[in-house]
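The structure under discussion appears below in the form of structure tokens.
The values are calculated or read from the model by the stated rules, or taken from the named source; none is laboratory data. Computed from a predicted model, the values in this text were never measured in an experiment. In this analysis, Cβ positions are derived from the backbone assuming ideal geometry, glycine residues included, and neighbour counts consider all displayed protein chains. SASA here: full protein model, heavy atoms, side chains in, ligands and nucleic acids out. Shrake-Rupley method; radii C 1.70, N 1.55, O 1.52, S 1.80 Å.
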Amino acid sequence: MALLDVNNLTVEFKTSQGQFRAVDSIDISVDANDVLAIVGESGSGKSVSMLAVMGLLPWTATVTADQMLFNGIDLTTLTAKQRRNIVGKDMSMIFQEPMSSLNPCFTVGFQLREALKAHLPLSRSARKIRAIELLEMVGIPEPLKRLSAFPHQLSGGMNQRVMIAMAIACKPKLLIADEPTTALDVTIQAQILELLLELNQQHDMALVLITHDMGVVAETAARVSVQYAGQKVEEQSVEDLFAAPRHPYTHALLAALPERATGKLLPSIPGVVPGQFDRPTGCLFSPRCQFADARCLADAPLASPDDSTSVRCHYPLSNSASVA
Amino acid sequence: MAIDDTQAQSETGAYELQRPGRFREFWSYFSENRGAVAGLIVFLSFILIAIFADFIAPYSPTDQFRGNLLQPPFWQDGGSTKFLLGTDAVGRDMLSRLIHGARFSFFIGLIVVSLSLLGGVTIGLVAGFVGGWVEVMIMRLMDVILAFPSLLLALVMVAILGPSLINAMLAIAIVLQPQYVRLTRAAVLAELPKDYVTSARMVGSGTLRLMFITVLPNCLAPIIVQAALSFSTAILDAAALGFLGLGAQPPKPEWGTMLSEAREFILRAWWVVTLPGLAILITVLSINLMGDGLRDALDPKLKRS
Amino acid sequence: MAETLLKAENINRYYSVRTGFFGKKATVRALSSTSFKLQAGKTLAVVGESGCGKSTLARVISMIEPPGQGSFTLDGTTIKADEPASQLIRSSVQLVFQDPYGSLNPRQKISQILCEPLVINKPELNAAQREEQARQMLQLVGLRAEHYDRYPHMFSGGQRQRIAIARALMLKPKLLVLDEPVSALDLSIQSQILNLLVELQEKLNLTYLFISHDLSVVKHMADDILVMYLGRVVESGGVAEIFNDAQHPYTQALLSATPIADPLLEKNRIQLQGELPSPLSPPSGCAFNPRCPVVQEKCKVESPELRLSGTHSVSCHFPQGD
């Protein structure tokens, strides 16, 4: 059984101009020890869907799902208190901006011990030992000294390590990393990704990586789910996705990568992601799709699982189609 | 044309339809705050009354009806519908005086806010742009003004200049000025490092152009809010000065002056004291409510705080 | 041989900062003795991580800040530390910013944004002429005529960046400094803007100084590359030489750390230890020595000069040829 099993997740936000559907019937399934990457541009609902699973959305959001199971527990029926027992313990999350994710008023050590205190029955001294152990685990030199440092005294990469230490403090079964390296430099990014994969392998922790960077996906993930305008358009294993994308959006996105360019001009996707007021009636990608026809403009395709992959498209590209 | 025009077209699509105009966005935030809308309605009627006072008021504010001294409002025994809100000690119609008083208060608010706004914003812009010792001097001077209790400072100034409505307004404008200076300077300092200012420098904008055309329009939101709120402060301070006999002089129907004239009748004729006070209260309250709504709508940083 | 449009010689830019309220004054060496040449019609990319001085370089070259020491020659005119450049020279370099949300004045219409450079620099033009030029430019960057009277908040990030580019081109500059022009944009929009830049360069014979941290974008756009670390150039050369034959250990680490969108590619990743040292107290000797995987005694003492090694210039005592 999958560790996290979400079926038909929909998130709507109440705005002054009516309901806005940020996430549209998405299925997510993460096995224990899995590394799933969720890829999409801004506005694709990739962060919102995971925040919904964590129960961290503001009150303006309406979350509906046919099923939302984590480790056999139904997340939809939990009370706030029961949810708090799971979130931060068995399931935790790190965010893009390490500088603003930590409270600038308290030392790193205080915040780390706080995270331990909330979920584990440890004594004061045991908490301190565990905190040092955690900082060591995430590769922070001189952990004892760093405990009394404030977040502004550490660099972005160090703060992200502290965030990871806090997230893994209670040995979670699932870690959701929301653009964990976007704010960091490439050499630091490489260190952090390495650390996350190491934790994934050594501590039996499933990893959900939310990102927009195809390079990061290719180097870390095992499976990839591509989201577009709140919908999941494609899910495949990472090798297959990069070798033979089935959805025209994925295909176009990969072709637009500068490193895959053959000429001086990149093949680009015309237009922008649809917003709240210009959602097309048929397939959401149809206005920008080079293969779209009358059927795509009229009917919305359903997610069709076909053997190992699932594609939300009327005319999925065949497996043999290669990326131009 | 190599650059794909159709691409740019579909890129826009219905994009601008979905973004409501500036005013509609402003109104949607503003109207969320019911107190603000109520305040706006009261304030608008206050302005209308002030403008059309000559037509609305049943009598002249200085006409004395010697046969009807201290007549109570019409719903009390002894009152008549001839004088809806009664008369004062020399037989002037209260309603007419209050209506004309609105004109004074509006006039005071307008002049004081314009004076302090113009001076304060200019000084604030200079402080923010020039920096260095000029900025230090300006800001310390403003701190000194702020260190005095504002009414006391205004009192001193009026005492020096001589009691009259114009001098009272001048004094209040000077007392209110530092708030604008500080606000403008803070807004300027927040805007200066932004890329569009650098961009304006790149194309060679001079300092004056940067100050008034590039930066100032982007600092207006908090200044407008402050202007609305200090409108009420001005009315209140002018009333206080009038009450102390240092503002508008009798027989001008200024609300504060009316209050002070009526002091001795406080036990015998409640309406001569209560009604001007009520007028001040309602006006100031409505402006403050409206100012809060403005703040919600214009200043996203202060929203819900 | 194309003519040299820009030649920088030993540009320095130091900032003095005070550490704490009573702290001593300290010097941040944002840019130290940087020299390079830029051929007309070519693209020189400056790469490096945050704090490497690439944004300072952009500000010095676009004459927002004067060089602390040294000078650069632009199209035959020399700009020195203590001589303010004339507005004519200034207008021949324009800057495109990273964040298209901050670089357009939110209170100005597109028409004002585009016409402002002309109002200031070309007072001989009347309003109709200005409008004509602005509308032409709007079309050139792929926007429609009806966008002319709108405010920036009505546009998406990609469109705003088009507007920012249009504004920068209004004065017909020779050199366009692009400070991370696509890193705030989504992938599908990024390729649109990169294509626009390529087309504009061909059409208007523009020269680009392209600042970026994204090596895959740089590889696509650049003719020559300047790799910077802690305010210094560590390696410079043609794009093929840098990508195929990097000799500085930092460049090699940077290349190996850049994720490539190919899951089948086996990579031999060079993991750098530690982080960027504080620019307030740079290490003695070679600035890279505390993180360098092949550091030797000499590196800790002596600062290497940029010199020719094989096909291009490297600033390392022990260049790592293949």
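At-a-glance table
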| quantity | calculated |
| --- | --- |
| Checklist (1) open to solvent by 50 Å² or more (accessible area, probe 1.4 Å); (2) within 21 Å of C:K42 (Cβ to Cβ); (3) within 11 Å of another protein chain (Cβ to nearest Cβ) applied to C:K174, failing item | (3) |
| Single residue of C:M154, C:M137 found to be at the interface with chain B (Cβ under 9 Å from one of its Cβ atoms), in contact with a helix residue (DSSP H, G or I) (Cβ under 9 Å, 6 or more places away or on another chain) and either open to solvent by 10 Å² or more (accessible area, probe 1.4 Å) or in contact (Cβ under 8 Å) with a residue 60 or more places away in the chain (or both) | C:M154 |
| Long-range neighbours under 6 Å by Cβ, at least six apart or interchain, first residue within 10 Å of chain C (Cβ to nearest Cβ) and among the charged types (D, E, K, R) within the range B:188-200, second open to solvent by less than 40 Å² (accessible area, probe 1.4 Å) and outside any helix (DSSP H, G or I) | B:K194/C:G102; B:D195/C:F97; B:D195/C:G102; B:D195/C:S103 |
| Count - residues of the range B:262-278 that are open to solvent by 20 Å² or more (accessible area, probe 1.4 Å) and small (G, A, S) | 1 |
| Residues of the range A:206-263 that turn out to be closer than 20 Å to A:A190 by Cα and hydroxyl-bearing (S, T, Y), as a count | 2 |
| Residue list for the range B:213-226, filter: within 12 Å of chain C (Cβ to nearest Cβ) and open to solvent by 20 Å² or more (accessible area, probe 1.4 Å) | B:I213, B:L216, B:P217, B:N218, B:L220 |
| Meets criteria (modelled with pLDDT under 85, buried (at least 18 other Cβ atoms within 10 Å of the Cβ), within 14 Å of chain A (Cβ to nearest Cβ) and closer than 27 Å to A:T220 by Cβ) for C:P263 | yes |
| In the range C:271-309, residue surrounded by the most Cβ atoms within 10 Å (Cβ to Cβ) [restricted to those that are of a type in the set (D, E) and assigned to a loop (DSSP other than H, G, I, E, B)] | C:E275 |
| Sole residue being more than 30 Å from C:S278 (Cα to Cα), more than 14 Å from chain A (Cβ to nearest Cβ), of a type in the set (S, T, N, Q) and under 20 Å from the mean Cα position of the chain (by Cα), chosen from C:S86, C:S111, C:S91, C:S103 | C:S91 |
| Residue selected from the range A:109-137 under the condition over 25 Å from the mean Cα position of the chain (by Cα) and in contact (Cβ under 8 Å) with a residue 12 or more places away in the chain, by the criterion surrounded by the most Cβ atoms within 10 Å (Cβ to Cβ) | A:A131 |
| Pick from the range C:247-260, criterion aliphatic (A, V, I, L, M) and within 17 Å of C:H220 (Cα to Cα), ranking: farthest from the other protein chains (Cβ to nearest Cβ) | C:L255 |
| For C:L118: the one exception among (1) within 11 Å of chain B (Cβ to nearest Cβ); (2) not in a helix (DSSP H, G or I) | (2) |
| Selection from the range B:2-42 of residues that are open to solvent by less than 30 Å² (accessible area, probe 1.4 Å), closer than 30 Å to C:Q190 by Cα and either modelled with pLDDT of 90 or more or away from chain A (no Cβ under 14 Å) (or both) | none |
| Output for the range B:43-83, where each listed residue is within 23 Å of the chain's Cα centre (by Cα) and surrounded by 17 or more Cβ atoms within 10 Å (Cβ to Cβ) | B:F43, B:F46, B:I49, B:A50, B:A53 |
| Listing of strands (runs of 3 or more DSSP E) fully contained in the range C:1-93 that carry 3 or more residues being free of Cβ contacts under 8 Å to residues at least 24 places away in the same chain and in the same structural domain as C:V239 (by TED's automatic domain parsing) | C:4-18, C:77-80 |
| Strands (runs of 3 or more DSSP E) enclosed by the range A:205-283 - at least 3 residues per element that are more than 8 Å from chain C (Cβ to nearest Cβ) and open to solvent by 20 Å² or more (accessible area, probe 1.4 Å) | A:231-237 |
| Close pairs from the range C:260-277: first within 23 Å of C:F288 (Cβ to Cβ), partner part of a loop (DSSP other than H, G, I, E, B), Cβ under 6 Å, at least 6 apart | C:L272/C:R291; C:Q273/C:R291; C:G274/C:R291; C:E275/A:S155; C:L276/C:G51; C:P277/C:P283 |
